[in-house]
Amino acid sequence: MQFIKIRRQIIFYATKLIIIICNPVAKIQKLRIIEIFLVTLCPKIHCKHHKNLALATLNDEIKRRRTFAIISHPDAGKTTLTEKLLLFGGAIHIAGAVKSNKIKKTATSDWMEIEKQRGISVATSVMGFNYGDYKINILDTPGHQDFAEDTYRTLTAVDSVIIVVDVAKGVEQQTRKLMEVCRMRNTPVIIFVNKLDREGRDPFDILDELESELKISVRPLSWPINIGAKFKGVYNIFENSLDLFTPNKQTVSERVEITDINDPRIDEAVGEVDAKKLRDDIELIDGVYPAFNEEDYLSGKVAPVFFGSALNTFGVKELLDCFVKIAPSPGETKAEERTIKPEEEKFSGFIFKIHANMDPNHRSCIAFVKVCSGKFERNANYKHVRSNKMMRFAAPTAFMAQKKSIVDEAYPGDIVGLPDTGNFKIGDTLTEGEDLHFKGLPSFSPEMFKYIENTDPMKSKQLEKGIQQLMDEGVAQLFINQFNGRKIIGTVGQLQFEVIQYRLLHEYGAQCRWEPISLYKACWIESDDAEALDSFKRRKHQFMAVDKEGRDVFLADSNYVLQMAQSDFPKIKFHFSSEF
């Protein structure tokens, strides 16, 4: 009976297979019927086939992903560039403005109320969309130095970086600092010189400054025809094409089809004088700079340079088209135990960011997970390594800034949002069972400190919850003074205090005030000698605090006091970041 049943199934599926093969449209159905046919014919063949099919799908998905961060000094045009990339990807239909009285739609990535009012980014926004055959994940980072720690952590979750430079201002302080982080990780970098429609520096001077200030070789892959009021367009060296500039914030400028740099159509489009100067510039570039080598770019030795105007949607598509071709797909991730390869079958990922109160109606926190290997699946059980617990996620989300959509699966390079009720901390690892620990996500010692006090006793619970959730984001740090029990907030910049106060009031309904405190540095302390540690804590009890993890912190009120403590207590280890 069993044999007859199997034979009937084979005949049924074989007949259906023949019918569907004749239909050229139903490719997915064909694969599914072939798979069912193999299952019925031989389960062992099916298992091997299914495994190979899954691996092939995983590898294909990895190759088509591009996960990158956009970084720059404030006001260089980073968020505006992000808007235009989303516009080309079809993720939005009209680009918003960072700060404008005429354009009512604000930037997609600047969705927080304080970002709309100040016209600056104060938190990293995650946006994913498809562009042709590629899946693109953009992380728009804050440019302001007061939020640099958020940007540093974001750089651990990306495979490449686009740096935006203002043609008038050139390389600025924050750009140098962020480039140092990229250099430490050998992260591939593309530079976009922005605001060509405004008066600025000579492009060759900009190239020299990029090499000297960012300490990286550069290679122009596009070149401007004049700048400022005389700006006529850009010659695309990478694709050998000419793009003419017309100021428009929502549409793309005209492209002239040419054969090479000597094509007479260039003279017709920009005039003989500018055409001759363009040819001379390109000849000089080819003579001074070596030909573009993709391997040098991927190893972080050479930075391709593009020119354009993000506000006027010019030069952005050329940047994006080149980027998806040359930028790296997700690569290896180093854990303490071993190196994780993205092609591995089993899922692994780490939390690099937590955002409090993304939905004010639910007071919800979202933990951002970077998928490092395998395939993440909704409703699957994964191990939370730090707590040694298995967790299942029924509503993982993909992001378009504040907008969320339920995602059933995600692949290496993708950023997945997990609802967090206090289970996660920055740096936590999720796996299918293996104990892995990812490093490189420290919290640095703050540089500014203030007591935080409640001004409305009726809202003490709201204040407590607000402080807890905002501190979990890792941008500011909470210390509890062991001498007087008062809460101290530590940040790297004054602007963070204003943002915290604003968010507590408008997102949690809690009012707070700041009181000054004179402190020089917060140091995490530890010792192998328990008696020496106890002696230090007794002697320095007025300066001792604990962080939100319960770790001992020494609050030095001057550099002299810190040096004396290090000298008097040689058995105590002083750490200036929380990763030890």
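What number goes with the only condition from (1) under 19 Å from GLN468 (Cα atoms); (2) part of a helix (DSSP H, G or I); (3) of a type in the set (Val, Ile, Thr) that VAL561 does not pass?
Here VAL561 clears every test but (1).
Any residue in segment 354-370 that is crowded, with 19+ Cβ neighbours inside 10 Å, over 30 Å from LEU86 (Cα atoms) and at pLDDT 90 or above?
Quick first cut of segment 354-370, residues crowded, with 19+ Cβ neighbours inside 10 Å only: 354-358, 365-370.
Cutting the leftovers down to over 30 Å from LEU86 (Cα atoms) gives us none.
The answer is no, given that none of the residues of segment 354-370 is crowded, with 19+ Cβ neighbours inside 10 Å, over 30 Å from LEU86 (Cα atoms) and at pLDDT 90 or above.
Can you tell me which condition GLY474 does not meet? The list is (1) in a helix (DSSP H, G or I); (2) at pLDDT below 85, and all the others hold.
Among (1) in a helix (DSSP H, G or I); (2) at pLDDT below 85, the lone unmet condition for GLY474 is (1).
Restricting attention to segment 194-234, which residues are touching a Lys or Arg at 6+ places or on another chain (Cβ under 8 Å) and on the phi > 0 side of the Ramachandran plot?
LYS215, ASN226, GLY228
Would it be correct to say that SER518 is of a type outside the set (Asp, Glu), more than 13 Å from LEU463 (Cα to Cα) and not in a helix (DSSP H, G or I)?
For SER518, the condition - of a type outside the set (Asp, Glu), more than 13 Å from LEU463 (Cα to Cα) and not in a helix (DSSP H, G or I) - is met.
For residues in segment 176-194 being more than 16 Å from PRO304 (Cα to Cα) and touching a residue at least 24 places away in the same chain (Cβ under 8 Å), which is most open to solvent (accessible area, probe 1.4 Å)?
Going residue by residue through segment 176-194, those that are more than 16 Å from PRO304 (Cα to Cα) are 176-178, 180-181, 184-185.
Right, trim to touching a residue at least 24 places away in the same chain (Cβ under 8 Å) and you get 176-178, 181, 185.
Values: ARG176: 83, LYS177: 75, LEU178: 1, VAL181: 22, ARG185: 109 Å².
The selected residue is ARG185.
Report, by residue number, each residue of segment 124-147 that is modelled with pLDDT under 85 and open to solvent by less than 10 Å² (accessible area, probe 1.4 Å).
Across segment 124-147, the qualifying residues are THR124, SER125, VAL126, MET127, LEU139, ASP140, THR141, PRO142, GLY143, PHE147.
Tell me, please, whether a residue that is open to solvent by 50 Å² or more (accessible area, probe 1.4 Å), part of a helix (DSSP H, G or I) and modelled with pLDDT of 90 or more can be found in segment 567-574. Even if it seems obvious, please write down each step before you answer.
As a first pass, look at segment 567-574 and keep what is open to solvent by 50 Å² or more (accessible area, probe 1.4 Å): 567-568, 570-571, 573.
Checking the rest, the ones that are also part of a helix (DSSP H, G or I) come to 567-568.
Those still in the list that are modelled with pLDDT of 90 or more too: 567-568.
So far as segment 567-574 goes, yes, one or more of its residues are open to solvent by 50 Å² or more (accessible area, probe 1.4 Å), part of a helix (DSSP H, G or I) and modelled with pLDDT of 90 or more.
Looking at (1) touching a strand residue (DSSP E or B) at 6+ places or on another chain (Cβ under 6 Å); (2) at pLDDT below 90; (3) within 27 Å of ARG66 (Cβ to Cβ); (4) in a helix (DSSP H, G or I), which one does GLU211 not meet, given that it meets all the others?
Condition not satisfied by GLU211: (2).
Just to verify a result, which residue in segment 540-562, among those that are among the acidic types (Asp, Glu) and under 22 Å from PHE424 (Cα atoms), is most open to solvent (accessible area, probe 1.4 Å)? Step through it out loud before you land on a result.
From segment 540-562, those among the acidic types (Asp, Glu) are 547, 549, 552, 557; that's our starting set.
Checking which are under 22 Å from PHE424 (Cα atoms) leaves us with 547, 549, 552.
Working: ASP547: 16, GLU549: 69, ASP552: 37 Å².
Restricting to residues being among the acidic types (Asp, Glu) and under 22 Å from PHE424 (Cα atoms), the top hit is GLU549.
Give me the residue from segment 470-499 that is of a type in the set (Val, Ile, Thr) and under 22 Å from the mean Cα position of the chain (by Cα) and, out of that set, surrounded by the fewest Cβ atoms within 10 Å (Cβ to Cβ).
The first filter runs over segment 470-499 and keeps only residues of a type in the set (Val, Ile, Thr), leaving 475, 480, 488-489, 491-492, 499.
From what's left, under 22 Å from the mean Cα position of the chain (by Cα): 475, 491-492, 499.
Values: VAL475: 27, THR491: 21, VAL492: 19, VAL499: 24.
Among those that are of a type in the set (Val, Ile, Thr) and under 22 Å from the mean Cα position of the chain (by Cα), it is VAL492.
The values are calculated or read from the model by the stated rules, or taken from the named source; none is laboratory data. What you are looking at is a predicted structure, and each value in this text was computed from that prediction instead of being measured. Because the Cβ atoms are built from the backbone with ideal geometry, glycine has one as well, and the counts that use them run over all protein chains shown. All accessible areas refer to the heavy atoms of the entire protein, side chains included, with ligands and DNA or RNA removed. Shrake-Rupley method; radii C 1.70, N 1.55, O 1.52, S 1.80 Å.
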